[in-house]
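J.: Quick one: the structure is below, questions incoming.
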Amino acid sequence: MKRDIVIIGIQAWDIEIGSNCKNIALELSKTNRVLYVNYPLDRITRYRQRRSEKIKRRIQFLKRGSSEIVEISPSLWNLYPSTILESINWIGNPRIFDFFNYINNKRYSRQIKLAMDTLGFSNIILFNDSDMFRGFYLKELLMPETYIYYTRDNLVAVDYWKKHGVRVEALHMKKADLVVANSTFLAALAQKYNPQSYYVGQGCDVGQFDRNKVTAVPKDVANIPGPIIGYIGALLSLRLDLEVLEYIAENRPEWNLVLVGPEDDAFKASRLHQLSNVHFLGNKTADELPSYLGCFDVAINPQVINPVTIGNYPRKIDEYLVMGKPTVATRTEAMSVFADYTYLAKNMEEFIICIEKALEEDTEERRQQREMFAKQHTWENNVKEIVIAIKKAKHQP
């Protein structure tokens, strides 16, 4: 597009986990100038996390009284704003919340304007990655040529966002020039508030998961007999169905259930730890994950269906499929795009039936089909869909 693009969101550039928004920014910066803005500190975060090295750095900018623009590449910059926002989510009255939220937005917008002037940005596209509160008034304050709201999680189902978010996000979507979503479920929700809402898919760093490069078997898997039914990712009871995992392990003792990832308290206290065919291998580095996935006979994603998870695009499914692995997952609307390449289960009984089919029907031809399908889900293709959505919205009356 060869445009100036400002990106705000709920994840700072120095976040330690994977970030959709960072990947989108990197892809956009190949043909555009991009300013990626870290969210400003609020008073409570400044106090509670003041010993964190990341927060210490931001506090230095506050004390200095000037923001910092870090060049990531010749066409991509990262802004550390030197302003403090009021911590307002505890406020119950919507009018009082909106009053202070506007003040926060004004402080935020001043920092962005200064950076835009420094970089010579004009006629910007403003891309908001789900920052429904801090970004609510930025369309009016920054007056972008195009304002995009990006939804990738059903945040209003989470307690922190629910209090004011149910009201504010609906209004936010309504006034955006367009809404883009990474799942069909979230796109359908957005359509209720803005007819210019589009499903744009999801990118994935599938290049890391190349089954032809996986040769070594990790030591902690080498002595586990097959068939191995495996999961890779954080073991969180909010997102994963413990009952399904327990049911699989107890009803198919001849299968070995291998779980790779850090556990929350519910998983640590679960019956799974008492079952001899369940193996918790702990957290692994990103570079190690393909070797573990390569050992699985079937990869699974037994997702709990709740308001938080129901609309999520499951990035791990792309990782499973690009390695050619037969995959069994919970049937959700977001999984509909994978229906031809996975086995989808509605309950614990169906999970066992689907795993049995996955083991029986696996062939090299099917592995290649899964791999080719997943390789379509690149960040380049994701950004192409966003650009198409922008063009569609501009041609609507």
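J.: Hey, among the residues in the stretch 326-337 that are surrounded by fewer than 24 Cβ atoms within 10 Å (Cβ to Cβ) and of a type outside the set (Gly, Ala, Ser), which one's nearest to Ile229 (Cα to Cα)?
T.: Arg331
J.: If I ask for residues that are of a type in the set (Asp, Glu), farther than 25 Å from His377 by Cα and out of contact with any Ser or Thr (no Cβ under 8 Å at 6 or more places or on another chain), which ones from the stretch 9-68 would you list? Talk me through it step by step, then tell me what you get.
T.: Initially, the stretch 9-68 is screened for residues of a type in the set (Asp, Glu), giving 14, 16, 27, 42, 53, 68.
From what is left, the residues that are farther than 25 Å from His377 by Cα are 42, 53, 68.
Matches in the stretch 9-68: Glu53 only.
J.: Where in the stretch 234-329 are the helices (runs of 4 or more DSSP H), entirely inside, with at least 2 residues that are touching a strand residue (DSSP E or B) at 6+ places or on another chain (Cβ under 7 Å) and either assigned by TED's automatic domain parsing to the domain that holds Ala345 or under 23 Å from Tyr341 (Cβ atoms) (or both)?
T.: The qualifying helices (runs of 4 or more DSSP H) are 242-251, 289-293, 315-322.
J.: Looking only at the stretch 53-72, filter to residues that are at pLDDT below 85 and of a type in the set (Gly, Ala, Ser); which one of those is surrounded by the fewest Cβ atoms within 10 Å (Cβ to Cβ)?
T.: Per the stated criteria, the residue is Gly65.
J.: Run Tyr39 past the list (1) of a type outside the set (S, T, N, Q); (2) assigned to a loop (DSSP other than H, G, I, E, B); (3) surrounded by fewer than 17 Cβ atoms within 10 Å (Cβ to Cβ) and report the number of the one that doesn't hold.
T.: (3)
J.: Please go through the stretch 58-96 and pick out each residue that is part of a strand (DSSP E or B) and among the charged types (D, E, K, R).
T.: Within the stretch 58-96, the subset part of a strand (DSSP E or B) is 68-73, 76-80, 84-85.
Scanning the stretch 58-96 gives Glu68, Glu71.
J.: Further, regarding this structure: Before we move on, is Leu126 at pLDDT below 95, touching a strand residue (DSSP E or B) at 6+ places or on another chain (Cβ under 9 Å) and not in a loop (DSSP other than H, G, I, E, B)?
T.: Values: at pLDDT below 95: no; touching a strand residue (DSSP E or B) at 6+ places or on another chain (Cβ under 9 Å): yes; not in a loop (DSSP other than H, G, I, E, B): yes.
No, not satisfied.
J.: Please go through the stretch 139-160 and give me each residue that is assigned to a helix (DSSP H, G or I) and under 16 Å from the mean Cα position of the chain (by Cα), ordered by number. Write out each step before concluding.
T.: First, the residues of the stretch 139-160 that are assigned to a helix (DSSP H, G or I): 139-142, 155-157, 159-160.
Listed by number, the residues that qualify are Leu155, Val156, Ala157.
J.: Count, please, the residues in the stretch 173-187 that happen to be part of a loop (DSSP other than H, G, I, E, B) and farther than 24 Å from Met372 by Cα.
T.: First, the residues of the stretch 173-187 that are part of a loop (DSSP other than H, G, I, E, B): 176-177, 182-183.
Of the ones still in play, those that are also farther than 24 Å from Met372 by Cα are 176-177.
Number of matching residues: 2.
The rows are residues; the columns are (1) outside the structural domain of Ile69 (by TED's automatic domain parsing); (2) of a type in the set (S, T, N, Q); (3) surrounded by fewer than 16 Cβ atoms within 10 Å (Cβ to Cβ).
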{"position": "Phe133", "(1), (2), (3)": "no, no, no"}
{"position": "Ala157", "(1), (2), (3)": "no, no, no"}
{"position": "Asn182", "(1), (2), (3)": "no, yes, no"}
{"position": "Phe185", "(1), (2), (3)": "no, no, no"}
{"position": "Ala188", "(1), (2), (3)": "no, no, yes"}
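J.: Let me ask another. Could you tell me which residue of the stretch 190-215 is surrounded by the fewest Cβ atoms within 10 Å (Cβ to Cβ), considering only residues that are farther than 24 Å from Glu319 by Cα and of a type in the set (S, T, N, Q)?
T.: Gln191
J.: Pick from the stretch 188-212 the residues that are part of a helix (DSSP H, G or I) and at pLDDT 95 or above: which of them is farthest from the chain's Cα centre (by Cα)?
T.: Going residue by residue through the stretch 188-212, those that are part of a helix (DSSP H, G or I) are 188-191, 206-208, 211-212.
Of the ones still in play, those that are also at pLDDT 95 or above are 190-191.
Working: Ala190: 17, Gln191: 20 Å.
Selected residue: Gln191.
J.: Which of the residues spanning the stretch 338-367 are surrounded by 14 or more Cβ atoms within 10 Å (Cβ to Cβ), within 28 Å of Glu250 (Cβ to Cβ) and charged (D, E, K, R)?
T.: Glu350, Glu356, Lys357, Asp362
J.: Hey, does the stretch 216-232 have a residue that's over 23 Å from Gly324 (Cα atoms) and in contact with a strand residue (DSSP E or B) (Cβ under 6 Å, 6 or more places away or on another chain)?
T.: At the first step, the residues of the stretch 216-232 found to be over 23 Å from Gly324 (Cα atoms) are none.
No; the residues of the stretch 216-232 include none that is over 23 Å from Gly324 (Cα atoms) and in contact with a strand residue (DSSP E or B) (Cβ under 6 Å, 6 or more places away or on another chain).
J.: On to the next question. Looking only at the stretch 213-233, which residues are in a helix (DSSP H, G or I) and of a type outside the set (Gly, Ala, Ser)? Give the steps one after another, and end with the answer.
T.: Going residue by residue through the stretch 213-233, those that are in a helix (DSSP H, G or I) are 213, 219-222.
The answer is Lys213, Lys219, Asp220, Val221.
J.: Would it be correct to say that Lys357 is among the charged types (D, E, K, R) and more than 17 Å from Ala299 (Cβ to Cβ)? Reasoning before the result, please.
T.: Details: among the charged types (D, E, K, R): yes; more than 17 Å from Ala299 (Cβ to Cβ): no.
Taking the combined requirement at face value, the residue does not satisfy it.
The values are calculated or read from the model by the stated rules, or taken from the named source; none is laboratory data. What you see is a predicted model; the values in this text were computed from it and never measured. Cβ coordinates were reconstructed from backbone atoms using ideal geometry, including for glycine residues, and neighbour counts include every protein chain displayed.
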